[in-house]
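In what follows, a structure is listed as structure tokens, so that the remarks can point back to it.
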Number of protein chains: 2
Amino acid sequence: MIDLVYIAILKANRLRPTTVRLAVLSVMSDYEDGTHFTIEKISDDLINRGVRKSIGSIYRTLKEFEDSGIVIRHQFDSIGTVYESNTGSDHDHTVCVVCGKIREFYKTEFDSLRKEVVSESKGRLIKHTQTLYVVCESCL
Amino acid sequence: MIDLVYIAILKANRLRPTTVRLAVLSVMSDYEDGTHFTIEKISDDLINRGVRKSIGSIYRTLKEFEDSGIVIRHQFDSIGTVYESNTGSDHDHTVCVVCGKIREFYKTEFDSLRKEVVSESKGRLIKHTQTLYVVCESCL
DNA sequence: GATAATAATGCAAATCATTAGCATTTAGAT
DNA sequence: ATCTAAATGCTAATGATTTGCATTATTATC
């Protein structure tokens with residue numbers, strides 16, 4: 001059974017492999033890499049699979065996943081809270097203000113600049129967020 | 001009377017110079033440049049001046065100011081919604097995850113990189129946000 | 001300046017997203 | 001199979017923000 005992978009992921013994060021957590025991992029695994037999803041989408045997708053889980057438990061689950069580093073949570077202007085699987089890739093986002101499509105981008109140079117900023121202020125960088133709000137090619 | 005400046009600002013944005021708007025502009029003008037403030041701080045400061053305005057009106061006023069470009073609204077992780085006067089200066093922020101202090105920084109190079117990203121994707125840049133979550137020098 | 005038309009305000013109730021309390025169920029260890 | 005701790009569902013609570021509406025203040029008109 002495919003669930004073995006999910007069970008392993010959960011165990012690695014000291015989370016019991018319960019039906020809610022397995023179900024959430026399962027719907028997440030159907031998303032393409034780099035997909036950004038909401039709590040509501042998870043809930044809908046579960047319902048579409050005939051799996052009814054309380055919205056409260058989904059919130060709890062996603063928070064646990066976030067704490068464990070299984071997912072990353074983002075807050076975008078006029079879009080709200082979205083999650084993505086944490087693939088470990090370092091990237092920032094563009095958000096199309098017309099269609100709402102979220103895309104990822106990466107440029108090493110940003111990192112060096114950020115390090116400069118932080119070292120100039122003698123602080124320590126914990127994390128960063130950068131989002132470019134754009135009108136994307138297809139919406140232009 | 002000092003209010004003439006505020007009245008001019010409001011008129012320039014087609015907003016009637018009402019007591020709430022003038023009072024909010026007035027408390028804002030007491031803040032140092034680059035200060036980030038919450039709705040609650042505005043409300044408290046109004047109360048400290050003996051001016052009692054409903055929290056709902058303050059929300060409405062700040063939204064109008066945001067729409068007019070008089071203020072800029074930010075959402076920071078674990079801090080929430082804060083505003084700053086819009087001085088027209090282009091800058092990003094560092095937020096100390098220990099003390100919560102918000103500071104501004106600016107580096108031209110970021111802009112060129114962002115332009116690269118957007119032009120590579122053939123989109124148009126509308127705005128951006130970048131926040132570095134740090135432990136600041138004094139908290140280290 | 002008085003007055004009509006329009007916008008702003010206060011207040012309370014409504015909303016939205018998220019969290020928490022608690023009784024019940026499930027997973028893991030013995 | 002049994003015990004203990006954790007997870008779940010449910011509902012109520014929360015916090016931030018918005019809205020409806022009756023009242024009041026501003027602006028435009030006479």
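Observations, loosely collected:
- Note that segment B:32-43 has calculated 3J(HN,Hα) couplings of 4, 4, x, 6, 10, 10, 9, 4, 5, 5, 4, 4 Hz, one per residue in order, obtained from phi through the Karplus relation 6.51 cos²θ - 1.76 cosθ + 1.60 (θ = phi - 60°); glycine and proline are x.
- Averaged per residue, the protein assembly as shown has 57 square angstrom of accessible surface, using a 1.4 angstrom probe with ligands and nucleic acids left out.
- Full-stretch length increase - A:Lys127, A:Glu40 - with 0.36 nm per residue and alpha-carbon distance subtracted: 28.7 nm
- Shown for A:Thr35: label points 7 Å from Cα along the beta-carbon vector, and their distances to the equivalent points in the other copies, 4.8 nm in ascending order.
- Shortest-first nm distances, B:Tyr106 label point to equivalent points in other copies (7 Å, Cα→Cβ): 3.2
- GNM remark for chain A: springs join alpha carbons under 10 Å apart, and the peak mean-square fluctuation among A:Leu113, A:Leu25, A:Leu62 falls on A:Leu113.
- Taking the longest Cα principal axis of chain A as reference, the axis of helix A:108-120 is set at about 70 degrees.
- Scanning residues 5 or more positions from B:Thr94 or on other chains, those with amide H under 5 Å from its amide H are B:Arg103, B:Glu104, B:Phe105, B:Leu132, with H placed 1.01 Å from N in the peptide plane.
- Percentage relative contact order, segment A:1-87, counting C-alpha pairs under 8 Å, at least six apart: 26 percent
- The largest accessible area among A:Ile126, B:Ile72, A:Ile42 belongs to the first residue in A:Ile126, B:Ile72, A:Ile42, and the rest follow in falling order (1.4 Å probe, all chains).
- Rounded, prolate or oblate (a/c below 1.5 giving rounded, otherwise prolate when a/b exceeds b/c) for segment A:48-140 by Cα gyration tensor: oblate
- Over the C-alpha atoms of segment B:61-113, the Rg to Rh ratio, Rh being the Kirkwood estimate, stands at 1.01.
- Between copies, A:Thr18 shows label-point distances of 4.9 nm, shortest first, with the point placed 7 angstrom from Cα along Cα to C-beta.
- Amide H contacts of A:Val71 (H built 1.01 Å from N, under 5 Å, at least 5 apart or other chain): A:Glu66, A:Asn86
- List A:Ser138, A:Ser85, A:Ser43, ordered by accessible area with a 1.4 Å probe, largest first: A:Ser138, A:Ser85, A:Ser43
- R0 of 22 Å, Cβ-Cβ distance B:Lys115-B:Asn86: FRET efficiency to nearest 0.05: 0.50
- Restricted to Cα atoms, segment B:90-140 shows a radius of gyration and a Dmax of 13.9, 42 angstrom.
- Inter-site label distance for B:Thr108 and B:Leu4 at 7 Å from Cα along Cβ, in nm: 3.9 nm
- Residue-level accessible surface for A:Lys101, protein heavy atoms, 1.4 Å, Å²: 100 Å²
- Rg and Dmax of segment B:1-87, based on Cα coordinates, read 12.3, 40 Å.
- The P(r) of the protein assembly as shown has a tail past 35 Å containing 32 percent of all C-alpha pairs.
- Angle in degrees between helix B:3-12 and the longest Cα principal axis of chain B, rounded to the nearest 10: 60 degrees
- Across B:Glu109, B:Glu64, B:Glu32, mean-square fluctuation computed from a Gaussian network of chain B (C-alpha pairs under 10 Å connected) peaks at B:Glu109.
- Rounded accessible area of A:Asp111 (nearest 10 Å², 1.4 Å probe): 30 Å²
The values are calculated or read from the model by the stated rules, or taken from the named source; none is laboratory data. If you're wondering where the values come from, they're calculated on a predicted model, not measured in any experiment. All Cβ positions, even for glycine, are placed from backbone atoms using ideal geometry, and neighbour counts span all protein chains on display. For the accessible areas, the whole protein counts, side chains as well, though only heavy atoms, and no ligand, DNA or RNA atoms are used. Shrake-Rupley method; radii C 1.70, N 1.55, O 1.52, S 1.80 Å.
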